[in-house]
Amino acid sequence: NLQESESENKLDGETASDSESKSEFGGLPPVPTSDDTPEVLNRALSNLSSRWKNWWVRGILTLAMITFFFIIIYLGPMVLMTIVMCVQIKCFHEIITIGYNVYHSYDLPWFRTLSWYFLLCVNYFFYGETVTDYFFTLVQREEPLRILSKYHRFISFALYLTGFCMFVLSLVKKHYRLQFYMFGWTHVTLLIVVTQSHLIIHNLFEGMIWFIVPISCVICNDIMAYMFGFFFGRTPLIKLSPKKTWEGFIGGFFATVLFGLLLSYVMSGYRCFTCPVEFNNDTNSFTVDCEPSELFQLQEYNIPLVLQSVVGWKTVRMYPFQIHSIALSTFASLIGPFGGFFASGFKRAFKIKDFANTIPGHGGIMDRFDCQYLMATFVNVYIASFIRGPNPSKLIQQFLTLRPDQQLHIFNTLKAHLVDKGMLSSLEDA
């Protein structure tokens, strides 16, 4: 019996130090689960078993969320950025609430206020950087924005320093350890939620396709892994998520790679998806019109000899972006689920089923975005490493803001460089 109890503790991820800390953190009794399914669905599915009832509830709500996703894409980049901000705030709220349930038991001051204050500071820093980077001309045109942009990092640091001092002043004797624990909780939540949601917006500015394809691949993998696991799943995948199976994991991988190739082929033919999202200062609106880059122009590729006898083709025409989509869909299928496993371990540690009950059958918003945040980081790193190059328009914008003597110095340096390369003399001869 002693061995069994020890193994159960290990399965739940609980160690001796966790048990000792319960006295300080007030203990974490299991949170009772409630049926949050709408009454209409409960009546309609009352004759089904709980397994099939859950299948239909998840299916119906998934279709509703996919429909909502299409609608916000149709509404344009500004609405997408607003939705990302709302999702970020809701995810932050769900994670902080779990911490507050522990922290509130001692009625210590300022934790909730400071948490939201730090969220405001971090968002001010990140969105200020984005505005300065992508709306440079607009910022330089407006005097208040120009001043805020010039001293942006100092203002951001001053705001954070104010919160830091407030935290120090809020320390209460005999509860220092708990307060520092929650201080770390808040900052890790900011790192996971705010930083990565900011990367989603950066991906969006590179082109809608860099936003839609990765998110769609994660959604596809989640759905197909569930479907394969539901009908064919027999072999458990990982103890953190007992319902996950190897059959679902492998089936989701192949389905997601195929889906990524097809979706990329369709979207690569439309400029509204492939062009970078830029701000037009004349119309004060976002534009997505450009000449498609080589990534989104059909190219002819030779099929390996091993596969030629199978498919019967020697060459195939496809967009280069489709090759990149294989990398994106592979990450979404093989590494992306570890974001979900990480969230499962977190929930098991605090004995909760879901982060919240916002979406019937799916849990909270964070339950749906645990893999998306990891995916967003990968896409941003992937673009920076393999796709993005210097942006001439941004360099010219910054060049025009320099003093005349600085502009002249850069001009002479560039002229000397072009002469050394032999390019300037050939242009003059022409």
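The table for this structure:
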item	result
Förster-model FRET efficiency, 51 Å R0, T97 and A384, C-beta, rounded to 0.05	0.90
Cα gyration tensor category, rounded, prolate or oblate, for the stretch 210-304 with a/c compared to 1.5	oblate
Restricting the stretch 231-297 to chymotrypsin sites (Phe, Trp or Tyr not before Pro) in coil, as DSSP defines it, with at most 14 other Cβ within 10 Å	Y270
Cross-link pairs beyond the 20 Å C-alpha cut-off, checked among K53/K351; K174/K351; K53/K353; K173/K351; K174/K353	K53/K351; K174/K351; K173/K351; K174/K353
Label-reachable residues, the stretch 259-280, where backbone N falls under 17 Å from a point 7 Å from D289's Cα toward its Cβ	270-280
Table column - 3J(HN,Hα) (Hz), the stretch 196-211, Karplus curve with 6.51, -1.76, 1.60, x for Gly and Pro	6, 5, 5, 5, 4, 5, 4, 4, 4, 5, 6, x, 4, 5, 6, 8
Percent carbon-and-sulfur accessible area, the stretch 279-389, ignoring ligands, DNA and RNA, probe 1.4 Å	61
Amide H partners (placed H, <5 Å) of S241, local residues excluded	none
Sites matching trypsin sites (Lys or Arg not before Pro) across the stretch 222-324 that sit in DSSP coil, with at most 12 neighbouring C-beta atoms within 10 Å	R234, K314
For M366, solvent-accessible area (1.4 Å; no DNA, RNA or ligand), Å²	10
Accessible area of C86 in the full protein assembly, 1.4 Å probe (Å², nearest 10)	70
Heavy-atom accessible surface of the stretch 104-258: percent carbon and sulfur, 1.4 Å	72
Length added when fully stretched, E143-T401, from 0.36 nm per residue minus Cα-Cα	91.5 nm
Accessible-area value, D354, 1.4 Å probe, nucleic acids and ligands omitted, Å²	50
Heavy-atom accessible area per residue - the stretch 121-266, 1.4 Å, Å²	52
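The values are calculated or read from the model by the stated rules, or taken from the named source; none is laboratory data. All of these numbers come straight from a predicted model, not from anything done at the bench. Note that each Cβ is placed from the backbone with ideal geometry, even for glycine, and that neighbours are counted across all protein chains shown. Remember, those area values only see protein heavy atoms, side chains included, never the ligands or the DNA or RNA. Shrake-Rupley method; radii C 1.70, N 1.55, O 1.52, S 1.80 Å.
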